[in-house]
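Working notes for the structure below.
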Amino acid sequence: MNDYSKEQRHRRGLLSSLCLLTLLLAFLFLFAGRYPSPGFRLPLDWSTNAMTRTIYLQVRLPRIVLAILSGAMLSASGFTFQMLFSNPLVEPGFLGVSQGSAFGAALMMVLGASSTIAVQTSATFFGLLALVCSYFLATRFRFGGWLLRLVLSGIAVSAIFSSALAVIKLVAEPTKDLQDITFWMMGGLWNASWRQIGSIVWIVTACILILLGFRWKMNLLSLQEKTSFSVGLSPKRDRVILLVVATVGTTLIISITGLIGWVGLITPHLGRKLFGSDSAYSLPGSMIIGSLFLLVCDTLGRTLLSSEIPIGLLSSFLGAIIFIIILSLRNQEGKA
Amino acid sequence: MNALEVHDLSFTYPSGSVALKHITLSIKEGSSVAILGSNGAGKSTLLDLLLGWKEDSRIILRGRSLQSYGRKELGRTLALVPQSEQYNFSFSVLDYVLFGRSPYLSSLGTPGEKDALIAYAALKEVGLSEYAQRSITNLSGGEHQLLLLARAIAQESNILLLDEPTSALDPANRKKVLGLLKSLHAKNRTLLFTTHDANLAYELATHVAMLKNGELICYGEKEKVVTSEMLTTLYDTHMHVALVGQTTLIY
């Protein structure tokens, strides 16, 4: 019993430490960039130079806030999908959500309705549509178990939306729309602005709070449906709520940042490594790790080279390396 | 009061296959009932219906229609011990037993110290308390069955529904699980378990219900219904009930 209380205190302490580290890095990274020269620079001319104030408050700070928000939402979403499908290899991309959102956003770009709200609505709609299609197809397939059918239907739906996206790229105007779509596909926070953040922050925060509210219940939803029913849950209803919330949050983020791969896949693994499998702790842990990860990726992306490296490229590269390391590490025998 | 009553219960799957035909039975509070039958007889379907997993208005739980129970209220009244459980995440043994506390928590609540104490007590009861911080993926088959029982004990429901509780166990673990179930029954819990093992049914049950092709062919006190003739009819093969010393042996 003492071990239990000690373990809970340890996990809470670790969560607080990671939160503090994220805030500290966010503050430090505000001073990292290529203005007025590459590296860390304190804004000594803050009071006299309007350009300095603009760069710090209107360019870097929104990026940092968006990186933290995106990291938390994408991680929470990936974690939720993994728990609901009881499969540590699932993330929204596996069920066509990312490709559906990409198609929705690109469609608006070529139709000339590239306002933030139009892109967000379309990305969210097609992301949800992809999820519904994957789920429906999985119930219709007559091959293999439920998870296999779900993954197969996700692959099929992803492929359909990818093909449709390729068609859009073919017909897109090469000097404007095609470039926009290509950059959007690589993911990036260079467009971050307070206005854009303001357009999604309330819904995304609501999505995060709902997922956090379900953080312990997610453990039960990862069990067989009959078992979670027997301990007093309504698993079908809870699953639908969480899937819709996770998808809406993800697509809203994607509609601004473009595709940022791997975050939703690897951070839940890191969260479980650090906090154990109990989702009451590993979900918030994964979210903070996700925020940290994107914060670091974005800062590297905008400081390493004279031209910016898209965050989606860096997150995929670093994510794949971390994934290989996680899978190569041997778990301590018998430890949960 | 009857713990469970079933009136003229039939069930047909969407595919058209008939699983249960006109089942009527009453299960007294504190009794131990074996649902005995061969594979495909409809035992698991009946258990699913009694759990509320498949909805039916012809099931009465403690004097009220099963459908009138809220999800949490039902979880506090009935607990399920499945035959097995698949895990893809390595929860600790204690975390897993704490899942049984779900019906007592608010919708978005998490277990507290009191729940942890109850879960520890359940682990102690099944003899797994020293494994509390271990991963469930490192338990043996026998320990795993004890873990499922511990979760049901932590759920503090008076009625336990058990699906083939000893079917995958070696003799030593079978004996251990059987001992635990007997002690739970001695504490006035109502047990309802499916099995195709007539010896287990005779050893653990006070009453036996025999299911064949979805029909209840007999139900009553075990001494009255477990006979060579009835078992032979049930399994379509010659079965004998013999008294060897103080022990009834079925072969």
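The values are calculated or read from the model by the stated rules, or taken from the named source; none is laboratory data. Keep in mind it's a predicted model, so treat the numbers as computed, not measured. Positions of Cβ are generated from backbone atoms using ideal geometry, with glycine treated the same way; all protein chains shown enter the neighbour counts.
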Legend entry - Meets criteria (under 25 Å from B:LEU9 (Cα atoms), of a type in the set (Lys, Arg) and without any contact (Cβ under 8 Å) to a residue 12 or more places away in the chain) for B:LYS224: yes
Legend entry - Single residue of the range A:254-275 satisfying the filter (under 24 Å from A:SER222 (Cβ atoms) and of a type in the set (A, V, I, L, M)) that is surrounded by the most Cβ atoms within 10 Å (Cβ to Cβ): A:VAL263
Inset, instruction - Given the conditions (1) modelled with pLDDT under 90; (2) in contact with a strand residue (DSSP E or B) (Cβ under 9 Å, 6 or more places away or on another chain), report the number of the one that A:GLY276 does not fulfil. - result: (1)
Inset, instruction - Would you list the helices (runs of 4 or more DSSP H) that sit entirely within the range B:1-100 and hold 2 or more residues that are closer than 30 Å to A:PHE79 by Cβ and under 20 Å from the mean Cα position of the chain (by Cα)? - result: B:71-77, B:93-98
Inset, instruction - Out of the residues in the range B:73-88 that are in contact with a Ser or Thr (Cβ under 8 Å, 6 or more places away or on another chain) and at pLDDT 90 or above, state the one that is surrounded by the fewest Cβ atoms within 10 Å (Cβ to Cβ). - result: B:ARG76
Legend entry - Residue match in the range B:122-134 (condition: of a type in the set (S, T, N, Q), farther than 26 Å from A:ASP238 by Cα and out of contact with any Gly (no Cβ under 8 Å at 6 or more places or on another chain)): yes
Inset, instruction - Being under 23 Å from the mean Cα position of the chain (by Cα) and surrounded by fewer than 19 Cβ atoms within 10 Å (Cβ to Cβ) is the filter; apply it to the range B:119-136 and report the residue that is nearest to B:LEU180 (Cα to Cα). - result: B:GLU125
Legend entry - Residue under evaluation B:THR45, criteria (1) buried (at least 16 other Cβ atoms within 10 Å of the Cβ); (2) over 23 Å from B:HIS185 (Cβ atoms); (3) within 10 Å of chain A (Cβ to nearest Cβ); (4) touching a residue at least 12 places away in the same chain (Cβ under 8 Å), criterion not met: (3)
Inset, instruction - Considering each residue of the range A:133-152, count those that are surrounded by 17 or more Cβ atoms within 10 Å (Cβ to Cβ) and without any contact (Cβ under 8 Å) to a residue 24 or more places away in the chain, and give that number. - result: 3
Legend entry - Selection status of A:ARG215, outside any helix (DSSP H, G or I), among the basic types (Lys, Arg) and under 23 Å from the mean Cα position of the chain (by Cα): yes
Inset, instruction - Inspect all residues belonging to the range B:48-61 and state whether any of them is crowded, with 18+ Cβ neighbours inside 10 Å, at pLDDT 90 or above and acidic (Asp, Glu). - result: yes
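Residues checked against (1) in a helix (DSSP H, G or I); (2) of a type in the set (D, E, K, R); (3) touching a residue at least 12 places away in the same chain (Cβ under 8 Å):
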| residue | (1), (2), (3) |
| --- | --- |
| B:SER102 | yes, no, yes |
| B:LEU108 | no, no, no |
| B:PRO111 | no, no, yes |
| B:GLN145 | yes, no, yes |
| B:LEU169 | no, no, yes |
Legend entry - Test: residue in the range A:227-237 that is within 10 Å of another protein chain (Cβ to nearest Cβ) and under 19 Å from the mean Cα position of the chain (by Cα): no
Inset, instruction - Filter the range A:198-226 for residues that are more than 7 Å from chain B (Cβ to nearest Cβ), of a type in the set (Ser, Thr, Tyr) and surrounded by 15 or more Cβ atoms within 10 Å (Cβ to Cβ) and give the result. - result: A:SER199
Inset, instruction - Spot the failing condition for A:LEU89; the list is (1) under 22 Å from A:LEU243 (Cα atoms); (2) in contact with a Gly (Cβ under 9 Å, 6 or more places away or on another chain), and only one is missed. - result: (2)
Inset, instruction - State which residue pairs qualify: first residue surrounded by fewer than 16 Cβ atoms within 10 Å (Cβ to Cβ) and inside the range B:174-195, second residue of a type in the set (A, V, I, L, M) in any location, beta carbons under 9 Å apart, and separation of 6 or more residues or different chains. - result: B:LYS175/B:LEU169; B:LYS182/B:LEU204
